[in-house]
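Below is one structure, written out as structure tokens, with a few remarks after it.
The values are calculated or read from the model by the stated rules, or taken from the named source; none is laboratory data. What you see is a predicted model, and the numbers here were worked out from it, not measured in a lab. Quick reminder, even Gly has a Cβ in these numbers, built from the backbone with ideal geometry, and neighbours come from all protein chains shown. The accessibility values were calculated without ligands, DNA or RNA, using every heavy atom of the protein model including side chains. Shrake-Rupley method; radii C 1.70, N 1.55, O 1.52, S 1.80 Å.
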Amino acid sequence: VQLQASGGGLVQSGGSLRLSCAASGSDLSINAMGWYRQVPGTQRELVAAITAGGSTNYEDSVKGRFTISRDNAKNTVYLEMNSLKPEDTGVYYCNADEVLGRQVFDYWGQGTQVTVSS
């Protein structure tokens, strides 16, 4: 499975960005997909996640501002980010879990930089 993320960039505080991440490969069986953020010197942290059934989970600081969604037919996950703040700055990584029988495989995209200026 390969994950291709896009949509990062530089935006002013209060602005919006939309991240996309498409999974590709043969006979995909993607379960949960999500977005993580990493700031230099810190661990990668979960921002938002969504199951194949559409259940979502958000990190507290982004609730009400970010919306995660997915298109299962396209194996694509999106992160709509509104009312962006400087503290949202970081490299955003797409993540996907693939379930094959009893095994779960974890995949990561290449990361896309989001910079929010004050």
_Could you derive backbone 3J(HN,Hα) for the stretch 3-16 from the dihedral phi with the Karplus parameters 6.51, -1.76 and 1.60 (θ = phi - 60°), listing whole Hz in sequence and x where the residue is Gly or Pro?_
10, 10, 9, 7, x, x, x, 9, 9, 7, 3, x, x, 9
*What full-extension length gain, to one decimal in nm, is calculated for residue 13 and residue 65 as 0.36 nm per residue of separation minus the Cα-Cα distance?*
17.5 nm
*Can you work out ³J(HN,Hα) from phi for every residue in the stretch 57-67, in order, using Karplus 6.51 cos²θ - 1.76 cosθ + 1.60 and θ = phi - 60°, giving whole Hz and x for Gly and Pro?*
9, 10, 5, 4, 6, 10, 4, x, 10, 9, 9
_Rg and Dmax of the chain, Cα atoms only, in Å_ = 13.9, 47
*Accessible area per residue, Å², the stretch 7-118 with all protein chains present, probe 1.4 Å*: 53
*For the chain, give the percent of accessible area contributed by carbon and sulfur heavy atoms, probe 1.4 Å, rounded to a whole number.*
45
*Which of 38, 14, 51 sits farthest toward the positive end of the charge dipole of the chain, with +1 on the Cβ of Lys and Arg and -1 on the Cβ of Asp and Glu?*
14
*Total charge dipole magnitude, the chain, about the Cα centre, Cβ charges on Lys, Arg, Asp, Glu only, Debye to nearest 20*: 180
*asked:* I want to check the label-to-label distance for residue 43 and residue 105. Put each point 7 Å from Cα in the C-beta direction and report it in nm to one decimal.
replied: 2.6
